[in-house]
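**Q** Could you have a look at this structure, given as structure tokens, before my questions?
The values are calculated or read from the model by the stated rules, or taken from the named source; none is laboratory data. Fair warning: this is a prediction, and the values are worked out from it, not measured in the lab. Please note: Cβ atoms are built from the backbone with ideal geometry, for glycine as well, and neighbour counts cover all protein chains shown. For the accessible areas, the whole protein counts, side chains as well, though only heavy atoms, and no ligand, DNA or RNA atoms are used. Shrake-Rupley method; radii C 1.70, N 1.55, O 1.52, S 1.80 Å.
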Amino acid sequence: RSAPVGALVVDGSVSDATLDGIQQLLAGVGPTLARIAEIHELRARAQRQDQDIRLLDALVHSFADPVILTDPAHRVVFANRRAEDLFSTRPEASEARNAAVGANDLVLGSWLTQGPHPESGPAAREIDLIDPTDGSDLTFEVTSVPLPSALSREGTTISVLRDITDLKRALSALEVQFSR
């Protein structure tokens, strides 16, 4: 850390004793002023980081695909809104919704325990879930990637679920048409 640097311009003549007093005063105040400047810079940096975090949070919550972040014990530590719709219940939810969410949680939990390992890289697989709003069948392609340890704790995984239900239905319809 370098010493604070500054200049004081005095208009007129000043005695050596006064200059010595000013120099002692500035020597005492200088480091404090430098520390105050550092604090202001750190606050500005923290505000920028808070803005970046809010932006990232808004982006992830706006995704149409469910996004889930899990810790090394496969517990969900973050879920965007779409993932919450599929895997979270509310106290006022119907029994059917709670049952669908419970089934979805079991399927996801099974996937996560078999999920990616750092040495294997990204892992993808199809899973079948239940739409908690209407009980219909949904098919998702789940891609999970272990996050680098520089970004999070070792074993943290991000999973993105892409809804391929319509694609699977269209493929089945094409197969029926082709067989005719």
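**Q** Only residues that are surrounded by 10 or more Cβ atoms within 10 Å (Cβ to Cβ) and among the small types (Gly, Ala, Ser): list them for the stretch 7-32, please.
**A** 21, 27, 30
**Q** Six or more apart or on different chains, Cβ under 8 Å: which pairs go from a residue in the stretch 93-111 that's at negative phi to one that's assigned to a helix (DSSP H, G or I)? Could you list them?
**A** Listed pairs, sorted by first residue: 93/101; 101/86; 101/87; 104/86; 104/87; 105/87; 108/87.
**Q** Of the residues that sit in the stretch 85-94 and are not small (Gly, Ala, Ser) and not in a helix (DSSP H, G or I), which one is least open to solvent (accessible area, probe 1.4 Å)?
**A** Step by step, filter the stretch 85-94, then rank; the result is 89.
**Q** Looking at 43, 35, 97, 82, which is the one that is more than 25 Å from residue 158 (Cβ to Cβ) and crowded, with 16+ Cβ neighbours inside 10 Å?
**A** Checking each option against the conditions leaves just 97.
**Q** Another question about this same structure. When you look at residue 76, is it of a type in the set (Val, Ile, Thr), loosely packed, with under 10 Cβ neighbours inside 10 Å and either at pLDDT 85 or above or over 30 Å from residue 109 (Cα atoms) (or both), yes or no?
**A** When the stated conditions are applied, residue 76 does not pass them.
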